[in-house]
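Peer 1: Below is one structure. I have some questions about it.
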Amino acid sequence: MKTYTLNTSDGFDLRYATSEVDSTKPWIAFAIPFGVNLEMARPFVDFFCPKYNVVTWEARSILDSHDGPVSSEDFAFDNHVRDLRLVLNVCDAKKFTIVGYCSGAGVALAAAEQFPEIVSNLILAHGEYVLLGDKGCTSQFATEIDTLLSLAAKNEDHLSLVFNKIKDNRFGDSSNRPDGIDLPFTRIEFLRRYSANYLQYKKIDFKNIAKNVSNKTFVMTGEKDLQSNVKSSEAIHSLLKNAEIYIDVESDHYELLREASKSMIKIWNYLFESRAYGAF
């Protein structure tokens with residue numbers, strides 16, 4: 001996995017990474033969640049690189065080392081969608097399978113709405129669609145995170161209060177969660193930007209976006225996912241024009257960050273079948 005930096009038109013450095021590029025291979029774009037660093041995507045890249053070129057990138061600014069005030073407009077959702085397009089523009093390809101994971105699924109869904117011509121397959125895995133007002137479509141964990149991040153985004157006093165509350169005891173038992181998944185909560189400058197970004201993300205009506213997406217889509221979710229849940233994925237699936245859904249009774253939220261996981265195998269098989277039937 002090789003890492004690069006790309007500058008956006010509004011002055012942000014985007015860190016992105018690719019596998020070894022082979023012009024004969026199709027491309028997979030892996031949209032990782034906000035606040036997840038590139039190294040956590042390595043298992044996914046390593047798993048798919050024998051047959052695919054893979055590109056992935058970090059969300060703008062959240063994990064930058066600098067401190068100081070932030071502008072909520074820097075994290076406007078459309079900026080993340082444009083960042084996706086900017087990264088894909090540097091890849092020598094016209095079409096991509098886009099795999100969106102957690103909040104990356106929201107970005108991938110919006111990219112399919114805005115740039116349908118570049119999407120050969122859309123895969124939405126354990127998507128976080130922030131359906132807080134829809135009965136049954138949010139988990140207790142997601143509700144707690146919403147409360148904490150909304151509070152932290154209010155002002156510096158609330159930010160410090162939330163940071164001190166969670167820095168030494170992040171969400172209880174973490175035995176099944178990959179190391180590094182809580183990086184946005186480890187430094188106050190990360191949390192400041194992560195919270196500001198969350199307020200922008202939760203404004204988006206992903207159900208309305210889903211109605212406008214006609215690309216072939218594969219929705220994945222798991223019954224042991226305590227962060228995003230099955231009902232929220234079912235709600236999005238029901239609005240898509242050309243989609244199927246897979247519910248794994250054993251999968252939790254972190255399958256795409258684990259080496260050769262069952263969910264990666266499922267994606268591999270799905271893409272193989274899509275190519276076999278000429279749908280890639």
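Each reported figure results from applying straightforward, stated rules to the coordinates on display, with no laboratory input. Here the structure is a predicted model, which is why all the values come from computation and not from measurement. Cβ: placed from backbone, ideal geometry, glycine included. Neighbour counts: every protein chain shown.
Peer 1: May I ask for the angle, rounded to the nearest 10°, between helix 230-239 and the longest principal axis of the chain, with both axes built from Cα atoms and the value confined to 0 to 90°?
Peer 2: Tilt of helix 230-239: around 50 degrees.
Peer 1: Could you compute the net charge surrounding A210? Neighbours are other residues with a C-beta less than 11 Å from the C-beta of A210; K and R count +1, D and E count -1.
Peer 2: Combined, the nearby Lys, Arg, Asp and Glu give +1.
Peer 1: On to the next question. Output the 0 to 90 degree angle, nearest 10, between the alpha-carbon long axis of helix 156-166 and the longest principal axis computed from the alpha carbons of the chain.
Peer 2: Long axis of 156-166 versus the principal axis of the chain: about 70 degrees.
Peer 1: For segment 141-166 and segment 55-127, what is the separation of their C-alpha centers, rounded to whole Å?
Peer 2: What the calculation gives is 25 Å, centre to centre.
Peer 1: Please compute the volume of the convex hull spanned by the alpha-carbon atoms of segment 133-279 and report it per residue in Å³.
Peer 2: Cα convex hull per residue, to the nearest whole number: 130 Å³.
Peer 1: A further question follows. Please identify every one of the GluC sites (Glu not before Pro) in segment 1-76 that sits in a loop by DSSP and has no more than 14 other beta carbons within 10 Å of its own beta carbon.
Peer 2: Sparse-neighbourhood loop GluC sites (Glu not before Pro): E20.
Peer 1: Nearest 5 is fine: what % of DSSP beta bridges in the chain come out antiparallel, could you say?
Peer 2: The answer is about 25 percent antiparallel.
Peer 1: Compute the helix-to-body angle for 103-114: its Cα long axis versus the longest principal axis of the chain, expressed 0 to 90° and rounded to tens.
Peer 2: So the inclination is approximately 50 degrees.
Peer 1: Now for a separate question. In nm², what is the average projected area of the convex hull enclosing the Cα atoms of segment 2-276?
Peer 2: Approximately 13.5 nm², given one-decimal rounding.
Peer 1: Considering all alpha-carbon pairs of segment 1-103, what whole percent are spaced by more than 17 angstrom?
Peer 2: In whole percent, the long-distance tail amounts to 50.
Peer 1: I want to check the label-to-label distance for S274 and E20. Put each point 7 Å from Cα in the C-beta direction and report it in nm to one decimal.
Peer 2: Between S274 and E20, the simple spin-label model gives 2.5 nm.
Peer 1: Give, as a single signed number, the net charge of other residues whose beta carbon lies under 14 Å from the beta carbon of P116, with Lys and Arg counted +1 and Asp and Glu -1.
Peer 2: Spelling it out: positives minus negatives among the neighbours equals +4.
Peer 1: Which net charge results when you count Lys and Arg as +1 and Asp and Glu as -1 among the other residues whose beta-carbon is under 12 Å from that of I28?
Peer 2: +3
Peer 1: Another question about this same structure. Considering the dipole of segment 2-276 built from charges on the beta carbon (Lys and Arg +1, Asp and Glu -1) around the Cα centre, which of L271, A17, C49 is farthest to its positive end?
Peer 2: Final value for the positive-end residue is L271.
Peer 1: Quick one: length gained pulling N176 to Q114 fully straight, 0.36 nm per residue minus the C-alpha distance? Intermediate results must be reported in sequence, preceding the final value.
Peer 2: On the way: separation 62, 0.36 × 62 = 22.32 nm, distance 3.56 nm.
This chain segment gains 18.8 nm when fully extended.
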